[in-house]
1. Being hydroxyl-bearing (Ser, Thr, Tyr), touching a helix residue (DSSP H, G or I) at 6+ places or on another chain (Cβ under 9 Å) and either modelled with pLDDT of 95 or more or not in a helix (DSSP H, G or I) (or both) is the filter here; which residues of segment C:28-62 pass it?
2. State whether one or more residues within segment C:71-83 are in a helix (DSSP H, G or I), closer than 21 Å to A:TRP122 by Cβ and more than 9 Å from chain A (Cβ to nearest Cβ).
3. All but one of (1) more than 10 Å from chain C (Cβ to nearest Cβ); (2) within 25 Å of A:PHE217 (Cα to Cα); (3) aromatic (Phe, Trp, Tyr) hold for A:TRP32; state the number of the condition that does not hold.
4. For segment B:12-36, which residues satisfy the criterion of being surrounded by 10 or more Cβ atoms within 10 Å (Cβ to Cβ), over 8 Å from the mean Cα position of the chain (by Cα) and more than 8 Å from every other protein chain (Cβ to nearest Cβ)?
5. Output the number of the condition that A:TRP93 fails; it satisfies all remaining conditions of (1) in contact with a Ser or Thr (Cβ under 8 Å, 6 or more places away or on another chain); (2) assigned to a helix (DSSP H, G or I).
6. Being out of contact with any Cys (no Cβ under 8 Å at 6 or more places or on another chain), free of Cβ contacts under 8 Å to residues at least 40 places away in the same chain and within 8 Å of chain C (Cβ to nearest Cβ): is that true of A:ILE78 here?
7. What tally of residues in segment C:84-101 results from selecting those that are without any contact (Cβ under 8 Å) to a residue 12 or more places away in the chain, facing another protein chain (nearest Cβ under 8 Å) and either more than 13 Å from A:ILE129 (Cα to Cα) or touching a His at 6+ places or on another chain (Cβ under 8 Å) (or both)?
8. I need the full set of residues from segment C:22-53 which are of a type in the set (D, E, K, R) and under 14 Å from the mean Cα position of the chain (by Cα), in order please.
Amino acid sequence: MTFPTTAAAGGPLSMGEHEQQSRAIQRRADRWLIAGTGLMGTLVLGIVGLPVFCRGLYLLRKAQRGGLSVRPTMVTLIGFVIILDAALNSIGWALDLFANHALITRTVFTAWGNLIDAGYFWHYNELWIGGAGAPGEKAWVMVCVLIAFPMRIAAAIAFLQMKRWGHQWLIVTCWFGIIVWMGYIFNMTMYADVRYTAVGFPVIGWWAFNIFYITPFLAIPYLHTVNREIFSD
Amino acid sequence: MHDQDRRRKRGLIAFQVFVYGMLIAMFAIQLQMYLTRHW
Amino acid sequence: MSDSTIQTEDSADSLPIGTTSTWARMHKWLKRALYICLFGLVIEGSLTVPVMAVWYGWPTLSLTEICSELMKVRFSNDALECQQPYPLGGPPFGGAPEAAGQRTAKDDWGIQPKPRYERIGFRELVRIHQERIARQSAASAPPNH
């Protein structure tokens with residue numbers, strides 16, 4: 001499918017046609033992006049979702065080069081990566097909250113706990129509510145799964161729709177993310193003996209695994225410097 | 001316009017120094033604990 | 001692009017919508033870091049379950065066996081098993097969790113608890129499991145004389 005450029009000898013596309021084509025390709029790309037993110041959000045099917053997602057990015061880039069007005073790549077990237085970040089965290093922690101006695105949860109979590117972060121191994125499933133028993137851990141799990149991540153996902157979706165409130169609330173929820181990161185790490189450090197004793201890869205394992213979740217830290221500078229006019233009410 | 005941008009740039013640099021500084025500090029603290037305790 | 005307010009003259013290729021020249025470099029680096037995060041998240045996410053399964057003895061041990069072995073280490077009690085499937089009334093629906101009331105876990109208690117279980121190495125669970133099976137069959141079949 002080729003996209004006519006506005007500099008074509010035959011004259012530019014009419015406003016209506018331009019908008020129509022832009023919207024069509026945007027929707028087409030979004031289908032790939034959403035499907036890709038959905039697959040990546042399951043954790044285990046991630047490697048299948050990545051090429052699907054990249055196809056969506058490719059369609060958007062091609063449309064941009066063809067002169068169509070589609071969502072800027074950075075907005076797409078931030079929006080979907082933030083959703084992915086929140087979804088991956090949520091899938092894990094939702095299992096810990098609501099499915100902590102499923103075989104897969106018990107096995108995978110205690111294995112992860114034994115290898116990387118014993119907060120998910122030490123006295124696992126002994127609390128009345130089940131799941132991780134490390135001091136303070138459950139509180140962070142609950143505030144994230146029930147409050148922080150749903151808010152962030154909602155804001156990111158509105159941000160992807162180029163809504164002004166999406167942009168504003170993504171700023172707010174990413175700043176929440178700073179609090180979550182810091183509070184969570186402070187708590188871990190306070191009870192570091194519980195979290196790291198007899199673990200497969202103490203300290204290094206946790207940081208190497210979790211460093212890729214710093215997406216809110218990367219989004220904040222962009223959100224504060226992007227031209228707000230591109231987001232409409 | 002330029003003044004606001006300059007202030008914003010300084011603010012963002014401060015933010016990034018602070019936030020990544022905190023992360024590095026916490027990592028260093030945990031590493032130091034790893035080296036001194038018998039994990 | 002027709003947005004002349006956004007486009008600048010000083011770059012050969014036009015800036016993305018929303019990015020002014022002041023911030024173009026920063027946005028470029030943020031974008032690269034985000035790509036790294038994206039690929040990192042996906043690749044480590046896909047590898048997590050397989051790597052851990054193999055590390056803890058799969059396929060030599062079944063998932064239930066891995067669960068039980070980890071439970072034995074966790075609570076320092078060779079008698080514990082992972083009940084599979086766990087009755088639906090369990091947490092968070094009000095029932096008792098699988099380790100409720102356990103007394104065998106070894107910890108140094110206090111305001112800063114310190115666990116006392118041992119580190120498990122690569123596929124060490126397999127060895128631990130097989131040794132215990134051997135011990136139990138030797139114990140249950142004592143020599144005749």
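The values are calculated or read from the model by the stated rules, or taken from the named source; none is laboratory data. Because the structure is a prediction, the values reported are computed rather than measured. Positions of Cβ are generated from backbone atoms using ideal geometry, with glycine treated the same way; all protein chains shown enter the neighbour counts.
1. To start, the set of residues in segment C:28-62 that are hydroxyl-bearing (Ser, Thr, Tyr) comprises C:35, C:46, C:48, C:56, C:60, C:62.
Adding the requirement that they be touching a helix residue (DSSP H, G or I) at 6+ places or on another chain (Cβ under 9 Å) leaves C:35, C:46, C:48, C:56, C:60.
Matches in segment C:28-62: C:TYR35, C:TYR56, C:THR60.
2. Filtering segment C:71-83 for residues in a helix (DSSP H, G or I) gives C:71-74.
Cutting the leftovers down to closer than 21 Å to A:TRP122 by Cβ gives us C:71-74.
Among the residues that remain, those that are also more than 9 Å from chain A (Cβ to nearest Cβ) are: C:72.
Yes: one or more hits.
3. Single failed check for A:TRP32: (2).
4. Residues satisfying the conditions are B:ILE13, B:ALA14, B:ALA28, B:GLN32.
5. Answer for A:TRP93: the failing condition is (1).
6. no
7. 4
8. C:GLU44 - this is the single residue of segment C:22-53 that is of a type in the set (D, E, K, R) and under 14 Å from the mean Cα position of the chain (by Cα).
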